[in-house]
Structures are given as structure tokens and as C-alpha cells.
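Student: If you scroll down you'll find the structure; I have some questions about it.
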Amino acid sequence: MNPSPIHDLSRLCIHTITTRPWSIETSIRQYAEAGVKGITVWRDALVGRDPAAVGQHIRESGLHIVSLCRGGFFPSVDRHKRSLAIDDNRKAIEEAHQLGAGLIVLVCGADPGQSMEVSREQIREGIETLLPEAAAAGVKLAIEPLHPMFADNRSAINLLSQANDLVEQMGSPWVGVAIDVYHLWWDPHLEQEIARCGRNKALFAYHVSDWKTPTVDLLNDRGLMGEGCIPLKKIRSWVEAAGFNGFNEVEIFSDRYWQTDQPAFLQQITAAYLKHV
Ligand code: ZN
């Protein structure tokens, strides 16, 4: 069963990485003018800026700050690097707090020099270390499972079931899950794991794009919604059946689209959103 079609942009959020050639200031202005209502800020867009001032600018433009991307990358064979990762995540929590973002998305990391089990243990330790500080700052943490093609060095959390397991083990209202269709669309257990995530009240974010055939670059060749094989309306129906009523976040890394005219790309995004999400 498909959900009712989306008729407006009131739940559309765009990640600043999607329009990477634009500065944060240009993204804010262009998104607001296009009628987009949400923005997820990537940390690279904040370099050289005061996060509090950027947050104020975003709110004055009528946009809601959905999340800050990204924290994580906890595992390493090197203890010192693990400690540096914790420091960087502390910085991300502080940035999110100043920006006024209530959520940080975690790309949890992995180290090919050790087992997946050890990497997952280090992810759990890292998140548990940060949870009190995140709670004190009023910032939730969302574990984003990544497609297994990234299992070597970007995330040892590759299934929604693994993220749900971790959330249940930690049992904190400050940690949940970001569901990204690009990473999870192929999982035969996706519907039931989305429902489980909803029962845990842990479905914090929902990211959309599409999977192209062929994909010419594992990281930077995501498709615009409708260009690929991801059953977007079906997955949205599962997410909404699980109780999610937040933003649909467009997150497209694409060398191809980054080289095109960005105002025209933004128009393509809003049109594809209304038609395919
Ligand atoms: Zn994502």
C-alpha cells in the first residue's frame, strides 16, 4: 500500500552537501526561496563561521534545522585516534548546540585493520561516552547504518537490525537511528526493522535519494529521486506506519549534479520530491 502523494514542500529538507558548490548563505537563501522548509547542515559548510550566527540566519529565513552532519568515525586500531574521534564528536555536539540543531547524524566508522566485531564494540563505547554530554547539550545522536560496500572503513553498522540492537542495548532516549534509503533499500528485513525502530521511538531521521544502474562511483554517484530502483513511496509508507512524521531529507552526493547549474538542480529536486517521494 502506498501512502498518499506528497502535495507540498512542508516536509522537504535538503542537506547542504546536496548543493555542495553553494556556500551555506547561498543554500539558505535558495532553499527558502524555493519553498523548502528544512535544512540539514554539513559541518564543512560551517568552516570559518560562527555556528550560532548561522543558526540564527537559518531560523530568520524560515527554515527548520533538522540535523548536523556528521559525527562518528569511532573505531581505530590506534587508541590515540579513537581519543581524537571522541574529541571531534564533542566539538560536533558543541556546534550542534550553538547552531540550534537537535540531532547529529553518526557515520559510525570502521577500521579494516581489525574485526567488524571490535569496530562495533568501539562504536558502542564511543557513543556511550558521548551520551551524557549530548543529553546535557540537548542534542540527540542518530546512528546511520551504511551500505555494506562501506563496511571496510566507513561503518561497521550495515544493517538496520544492527542499529536497532545497539539502540536497545544503550536504552537512552538520546540515541536513535537515521534511515537512509540509499544504504538500506535492498534489505529483505527492512519493513520489520523499520517497525521495530518505531516501537523503540528511535526513528530520528529519514534520508532519500536513488540508486542508479550502473553506479559509476560508490560514494559520489547517487541519483535524484525517480532516477533509480529504490521503492521510495513504499519505504515512506513503512516509515510513516512506524510513526515517523518528520522531514524527508534529500541527501545526494553526486559529482554529476555538482557540475550542473545548481538553481536548475534545486528545481529538479523539488519536482522529483513531489513526484517520487
Ligand atoms: Zn544519509
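The values are calculated or read from the model by the stated rules, or taken from the named source; none is laboratory data. Everything numeric in this text was worked out from a predicted model, so none of it was measured. So basically every Cβ, Gly included, is an ideal-geometry build from the backbone, and we count neighbours across all protein chains shown. Just so you know, the surface numbers come from the protein's heavy atoms only, side chains and all, with ligands and any DNA or RNA stripped out. Shrake-Rupley method; radii C 1.70, N 1.55, O 1.52, S 1.80 Å.
Student: Across the stretch 3-21, which residue is modelled with the highest pLDDT among those that are away from the ligand (no atom under 15 Å from the Cβ) and charged (D, E, K, R)?
Tutor: Among those that are away from the ligand (no atom under 15 Å from the Cβ) and charged (D, E, K, R), it is Arg11.
Student: Continuing with this model, one more query. Specify the residue that is surrounded by the most Cβ atoms within 10 Å (Cβ to Cβ); the eligible residues are those in the stretch 134-161 that are outside any loop (DSSP other than H, G, I, E, B) and more than 16 Å from the ligand (Cβ to nearest atom).
Tutor: Ala134
Student: Kindly establish whether Arg70 is within 25 Å of Val175 (Cβ to Cβ), open to solvent by 60 Å² or more (accessible area, probe 1.4 Å), outside any helix (DSSP H, G or I) and of a type outside the set (A, V, I, L, M, F, W, C).
Tutor: Working: within 25 Å of Val175 (Cβ to Cβ): yes; open to solvent by 60 Å² or more (accessible area, probe 1.4 Å): yes; outside any helix (DSSP H, G or I): yes; of a type outside the set (A, V, I, L, M, F, W, C): yes.
Against the criterion (within 25 Å of Val175 (Cβ to Cβ), open to solvent by 60 Å² or more (accessible area, probe 1.4 Å), outside any helix (DSSP H, G or I) and of a type outside the set (A, V, I, L, M, F, W, C)), Arg70 qualifies.
Student: Let me ask another. Could you run through the stretch 201-243 and say how many residues are assigned to a loop (DSSP other than H, G, I, E, B) and either more than 14 Å from the ligand (Cβ to nearest atom) or not polar (S, T, N, Q) (or both)?
Tutor: Number satisfying all stated conditions: 22.
Student: Here is a follow-up. Quick one: Thr40 ticks every box in (1) outside any strand (DSSP E or B); (2) within 20 Å of Gln268 (Cβ to Cβ) except a single one, so which number is it?
Tutor: (1) is the only condition that Thr40 fails.
Student: Also, quick follow-up: Could you say whether any residue in the stretch 83-91 is more than 25 Å from Leu130 (Cα to Cα) and either open to solvent by less than 10 Å² (accessible area, probe 1.4 Å) or of a type in the set (A, V, I, L, M, F, W, C) (or both)?
Tutor: No, that holds for no residue.
Student: Looking at the structure I just gave you, is Gln98 more than 18 Å from the chain's Cα centre (by Cα) and either modelled with pLDDT under 95 or surrounded by 15 or more Cβ atoms within 10 Å (Cβ to Cβ) (or both)? It would help to see each step written out before you state the result.
Tutor: Values: more than 18 Å from the chain's Cα centre (by Cα): yes; either modelled with pLDDT under 95 or surrounded by 15 or more Cβ atoms within 10 Å (Cβ to Cβ) (or both): yes.
When the stated conditions are applied, Gln98 passes them.
Student: Now for a separate question. Within the stretch 60-81, identify whether any single residue is touching a helix residue (DSSP H, G or I) at 6+ places or on another chain (Cβ under 7 Å), of a type in the set (Lys, Arg) and either without any contact (Cβ under 8 Å) to a residue 24 or more places away in the chain or more than 16 Å from the ligand (Cβ to nearest atom) (or both), and answer yes or no.
Tutor: Checked against the condition, which is being touching a helix residue (DSSP H, G or I) at 6+ places or on another chain (Cβ under 7 Å), of a type in the set (Lys, Arg) and either without any contact (Cβ under 8 Å) to a residue 24 or more places away in the chain or more than 16 Å from the ligand (Cβ to nearest atom) (or both), the stretch 60-81 yields no hits at all.
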